[in-house]
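Everything on this sheet refers to the single structure shown next.
The values are calculated or read from the model by the stated rules, or taken from the named source; none is laboratory data. Keep in mind the model is a prediction, meaning the values are calculated, not measured. Virtual Cβ from ideal backbone geometry, glycine too; neighbours counted across all protein chains shown. Accessible surface is based on the protein model in full, side chains and every heavy atom, while ligands, DNA and RNA are left aside. Shrake-Rupley method; radii C 1.70, N 1.55, O 1.52, S 1.80 Å.
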Amino acid sequence: EAGVAQSPRYKIIEKRQSVAFWCNPISGHATLYWYQQILGQGPKLLIQFQNNGVVDDSQLPKDRFSAERLKGVDSTLKIQPAKLEDSAVYLCASSPSYRNEQFFGPGTRLTVL
Amino acid sequence: DQQVKQNSPSLSVQEGRISILNCDYTNSMFDYFLWYKKYPAEGPTFLISISSIKDKNEDGRFTVFLNKSAKHLSLHIVPSQPGDSAVYFCAAWGSSNTGKLIFGQGTTLQVKP
């Protein structure tokens with residue numbers, strides 16, 4: 001069974017630039033999560049989708065971050081414009097539904113200069 | 001507000017000995033706890049979990065203990081192996097039913113041969 005795929009794996013940008021991350025969850029998983037992991041901290045949920053609807057985006061900085069999950073499969077997370085404090089690993093996870101084991105992708109390491 | 005805390009950033013043990021990783025939480029509404037293991041450049045992978053109705057769950061070399069009155073859980077690895085060297089995250093399902101995971105900061109375990 002293929003795992004959660006993410007791209008790119010690494011990205012370096014300058015502050016005020018835009019960046020987008022892509023996630024392909026495990027086939028059949030209805031729930032998709034985007035987490036932000038800052039160095040030395042645990043992952044923090046940014047947004048959760050159930051199929052193509054948003055369940056929780058309470059910690060998403062909506063003035064600069066946006067996410068979508070078209071057709072309830074792949075998802076993209078965008079940052080526009082980026083700030084220095086956005087430097088982190090962005091993890092995508094999927095699960096069959098709520099409160100099931102979450103399977104994580106390898107993450108995208110973002111460096112904002 | 002750090003609802004899940006891992007106060008030891010790192011732990012070093014000798015191969016064959018016991019590793020004990022600790023985790024504290026503040027929200028008494030948490031009803032399910034999970035441990036994830038993370039290798040460098042990979043996403044976290046699920047290790048073991050425990051429901052709040054239990055005080056112990058065992059899976060091979062891994063045992064998780066839960067002390068609800070103290071709001072404390074611990075992960076025991078016996079015997080420890082060099083391949084266990086990784087970052088370990090304690091996590092709890094939030095008090096809502098959305099499946100949102102609240103992570104601790106992580107503990108880096110090094111098992112020396």
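Points worth noting:
- Entry remark, region A:69-90: residues being in contact (Cβ under 8 Å) with a residue 60 or more places away in the chain, part of a strand (DSSP E or B) and buried (at least 20 other Cβ atoms within 10 Å of the Cβ) number 2 in total.
- Qualifying residues in region A:35-66 (those that are closer than 20 Å to A:TRP22 by Cβ and among the polar types (S, T, N, Q)) - the one surrounded by the most Cβ atoms within 10 Å (Cβ to Cβ): A:GLN48
- When region A:22-52 is filtered for residues that are within 11 Å of another protein chain (Cβ to nearest Cβ) and assigned to a loop (DSSP other than H, G, I, E, B), the ones remaining, listed by number, are A:ALA30, A:ILE38, A:LEU39, A:GLY40, A:GLN41, A:GLY42, A:PRO43.
- For region A:70-107, the candidate set comprises residues that are closer than 15 Å to A:ILE47 by Cβ and among the β-branched types (Val, Ile, Thr); within that set, the residue that is nearest to the other protein chains (Cβ to nearest Cβ) is A:THR76.
- For region B:88-98, the condition of being open to solvent by less than 60 Å² (accessible area, probe 1.4 Å) and without any contact (Cβ under 8 Å) to a residue 60 or more places away in the chain holds for at least one residue.
- Boolean, B:LEU101 is crowded, with 21+ Cβ neighbours inside 10 Å and under 12 Å from the mean Cα position of the chain (by Cα): no
- Residue list for region B:62-102, restricted to those being of a type in the set (A, V, I, L, M) and within 14 Å of chain A (Cβ to nearest Cβ): B:ALA86, B:VAL87, B:ALA91, B:ALA92, B:LEU101, B:ILE102
- The set of residues in region A:91-113 being buried (at least 20 other Cβ atoms within 10 Å of the Cβ) and in a loop (DSSP other than H, G, I, E, B) consists of A:GLN102, A:GLY105, A:GLY107.
- Residue in region B:14-21 that is more than 30 Å from A:CYS23 (Cβ to Cβ), open to solvent by less than 40 Å² (accessible area, probe 1.4 Å) and polar (S, T, N, Q) present: yes
- Among (1) at pLDDT 95 or above; (2) within 14 Å of another protein chain (Cβ to nearest Cβ) - the single one A:VAL55 does not satisfy: (1)
- Scanning region B:1-21 for residues that are outside any loop (DSSP other than H, G, I, E, B) and either at positive phi or without any contact (Cβ under 8 Å) to a residue 60 or more places away in the chain (or both) yields one hit, B:ILE20.
- From the list A:VAL4, A:VAL19, the one residue that fits, being open to solvent by less than 20 Å² (accessible area, probe 1.4 Å) and within 10 Å of chain B (Cβ to nearest Cβ), is A:VAL4.
- Flag if B:SER80 is among the small types (Gly, Ala, Ser) and in contact with a Ser or Thr (Cβ under 6 Å, 6 or more places away or on another chain): yes
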